[in-house]
Amino acid sequence: MRILSGVQPSGPLHLGNYFGAIQQHIELQEGNEAFYFIANYHAMTTVHDPELLSRYTHEVAVDYLALGLDPTRAVLFRQSDVPEVQELAWILATVTGKGLLDRAHSYKDKIQRGIVPSMGLYYYPVLMAADILLYRADQVPVGQDQVQHIEMTQDMAQSFNHTYRTDVLKRPEPRLNRAARVPGIDGEKMSKSYHNTIGIFEPPGEAKKKIMSIKTDSTPVADPKDPARCNVLALLRLLAGPEEVADWEDRYRKGGVGYGQVKTRLYELYEERFAPLRERRERLAADRDYVEDILRQGARRARAEAHLLLEQVWMAVGLPRRRQG
Ligand code: ADP
Ligand code: TRP
């Protein structure tokens, strides 16, 4: 099966990215043809500092490799290294009704949070559809917030195939991880653009500060608490084994647990999981050439695939065929 997904380099990766998406990206590299890319064109809807954009882009690559991406199994590349995606996006835009984009939740959420409603932000789902369709992906592993974008991709593929009476574009399916929506320290969806994240590779002191500041209600220690409504427990579920989770849930219902206690345990679990990877990450971060080389090789493979698909698209729409440059 062909698997494809992307992550925006709009800031350091966080637990929402990991449990919502990256963990399954790493798992899926076994036994599948996996393509993962760093969506730097998409990140330009929020990052307008050139130095920051290129630094975050490189850091996402380092993070993926530190978290277990194996470049001999999966193809890892930078979105902008395959500029053909912009051409497919334009072609899709010409068969996409404006009403479809008007319905995008993510666009509405973002402008509500103060992100500038640029044409790029509005067009974002078209570029994302091109990312997916260019590689004929069967499944797209993502968190809940991206599912609508994949449904829009299905619509665009269908509309293109219908308009040009062809079947060159393949209908992709979303694939959700167990943790489809990880809460941030304020209880809202954890997101780089919402300043509520706990990074995967925070320095230990920083992570502790953030975990201790997770928003909770003001139920007194002695009182029973609802385990389904606690942000700390929601995060602890991702890191602890099932028995420990059941035990905490039991203690919540009985009363007598303080949120500080659960936060301290959450921090311990965080350190147990991610501290050992920090060293690997530091080694990779020190070897810029190695990481850049992986991205270059990834781009070469991705570009070859992209070109095969575009040739069929050019033919279907009546654009002249071109040689790969
Ligand atoms: P962000 O919202 O922080 O900018 P991205 O949009 O780059 O993150 O998302 C990268 C991947 O991580 C996507 O598949 C997205 O669905 C997933 N993801 C992001 N935040 C969360 C979250 N809080 N819970 C679950 N998955 C998430
Ligand atoms: N929009 C996605 C996000 O914010 C990132 C992304 C861009 C993506 N292109 C993609 C994800 C294609 C999956 C497939 O998370």
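Taken together, the values in this text are just the output of simple stated rules run on the coordinates, not laboratory data. Predicted model only: the values in this text are computed from it and were never measured. Heads up, the Cβs are rebuilt from the backbone with ideal geometry, glycines too, and the neighbour counts pull from every protein chain shown.
Below, the figures for the structure above:
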read-out: Largest-first principal axis extents, alpha carbons of the chain, Å; value: 73, 45, 38
read-out: Which of 105, 25, 307 has the fewest Cβ neighbours within 10 Å, and the rest in rising order; value: 105, 307, 25
read-out: Simple Cβ-charge dipole of the stretch 201-283, Lys/Arg +1 and Asp/Glu -1, about Cα centre, in debye nearest 20; value: 280 debye
read-out: Cα long-axis angle, helix 119-133 against the chain (0 to 90 degrees, to the nearest 10); value: 80 degrees
read-out: Pairwise FRET efficiency - residue 94 versus residue 151, Cβ, R0 = 30 Å, nearest 0.05; value: 0.90
read-out: Order by protection proxy (mean Cβ within 10 Å, highest first), peptides 295-301, 112-118; value: 295-301, 112-118
read-out: Surface/4 of the Cα convex hull for the stretch 3-133, nm²; value: 8.3 nm²
read-out: From the C-alpha gyration tensor of the stretch 201-283, square roots of 5λ in Å; value: 26, 14, 8
read-out: Rounded tilt (10° steps) of 259-286 against the dominant C-alpha axis of the chain; value: 40 degrees
read-out: Selected from 111, 200, 294 as most flexible by GNM, with the chain as the system and alpha-carbon contacts under 10 Å; value: 111
read-out: 217, 138 arranged by Cβ crowding within 10 Å, fewest neighbours leading; value: 217, 138
read-out: Violating pairs (Cα-Cα greater than 28 angstrom) within the set 98/215; 192/215; 108/263; 110/254; 108/215; 189/225; value: 98/215; 108/263; 110/254
read-out: Full-extension gain in nm, residue 296 to residue 118, via 0.36 nm per residue minus C-alpha separation; value: 61.0 nm
read-out: Computed lengthening from residue 173 to residue 272, 0.36 nm per intervening residue step minus Cα-Cα distance; value: 32.2 nm
read-out: Acute angle (nearest 10 degrees) that the helix 288-317 long axis makes with the longest principal axis of the chain, alpha-carbon atoms; value: 50 degrees
read-out: Point-to-point label distance, residue 221-residue 282, nm (Cα→Cβ direction, 7 Å offset); value: 3.6 nm
read-out: Cα centroid of the stretch 55-78 to Cα centroid of the stretch 270-297, whole Å; value: 8 Å
read-out: Cβ crowding within 10 Å averaged over residues, with 48-58, 27-37 ranked highest first; value: 27-37, 48-58
